[in-house]
Amino acid sequence: MTEAVSMPSAAPDPIDDVINLLGGADVFPKRPDGALAAHRLIEKGLPSSALTHLLDNIGLLADDPALQQALGISMRTVQRKKDSQAVLSILQSGRTWKFAEVLAKATDVFGSQEAAERWMDEPAMGLEGYKPIELMSTPAGVDVVETFLGRLSYGVYA
């Protein structure tokens, strides 16, 4: 008699985590099926409701001015677009998507969105004392944060 061999389950798709942070099926009836589909979605402009959903579901970072810098959009502009069918610019869409990607990765590393947001709002020795959220305003800063998160996910703290 042979024993059944269980196959490891596939790792969750990071795009699913991003889509969920941006409103899930309510905002994206057709889920992008990969990075190129996500690129096309961003290129067309994310619906403003994606940003609204993200902001409505952020706790600790909601009032941080660095969040506006990271997203490349002022809260005043968000309020103007909130009740409209507007789409974000390519730049705003890209930054919103990237912020959601980093938040999703940090949530995976730290176990909860609350813990991830707390980490993003605390100075990190591995980031020369910067808060991760402060570095999210430039592509170079985002790269540093993503690299640091990758190291943390493997248990490398320095």
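The values are calculated or read from the model by the stated rules, or taken from the named source; none is laboratory data. This structure is a prediction, so every number in the text was calculated from the model and none was measured. All Cβ positions, even for glycine, are placed from backbone atoms using ideal geometry, and neighbour counts span all protein chains on display. Accessible surface is based on the protein model in full, side chains and every heavy atom, while ligands, DNA and RNA are left aside. Shrake-Rupley method; radii C 1.70, N 1.55, O 1.52, S 1.80 Å.
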> How many residues does the stretch 42-58 hold that are over 14 Å from the mean Cα position of the chain (by Cα), over 12 Å from S93 (Cβ atoms) and either assigned to a loop (DSSP other than H, G, I, E, B) or not small (G, A, S) (or both)?
Replying inline: 0
> What are the residues in the stretch 28-41 that are in a helix (DSSP H, G or I) and open to solvent by 30 Å² or more (accessible area, probe 1.4 Å), if any?
Replying inline: A35, L36, H39, R40, L41
> Restricting attention to the stretch 61-77, which residues are crowded, with 17+ Cβ neighbours inside 10 Å and in a loop (DSSP other than H, G, I, E, B)?
Replying inline: L61, D64, G72, I73
>> Here is a check on your reading of the model: is G94 small (G, A, S) and farther than 17 Å from L21 by Cβ?
In response: no
> Residue check, L88 against (1) more than 14 Å from the chain's Cα centre (by Cα); (2) within 15 Å of L54 (Cβ to Cβ); (3) open to solvent by 30 Å² or more (accessible area, probe 1.4 Å), all met but one. Which one?
Replying inline: (3)
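For (1) open to solvent by 20 Å² or more (accessible area, probe 1.4 Å); (2) free of Cβ contacts under 8 Å to residues at least 24 places away in the same chain; (3) of a type outside the set (A, V, I, L, M), each residue gets a yes or a no:
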| position | (1), (2), (3) |
| --- | --- |
| L54 | no, no, no |
| D108 | yes, no, yes |
| D121 | yes, no, yes |
| V145 | no, no, no |
| R151 | yes, no, yes |
| Y154 | yes, yes, yes |
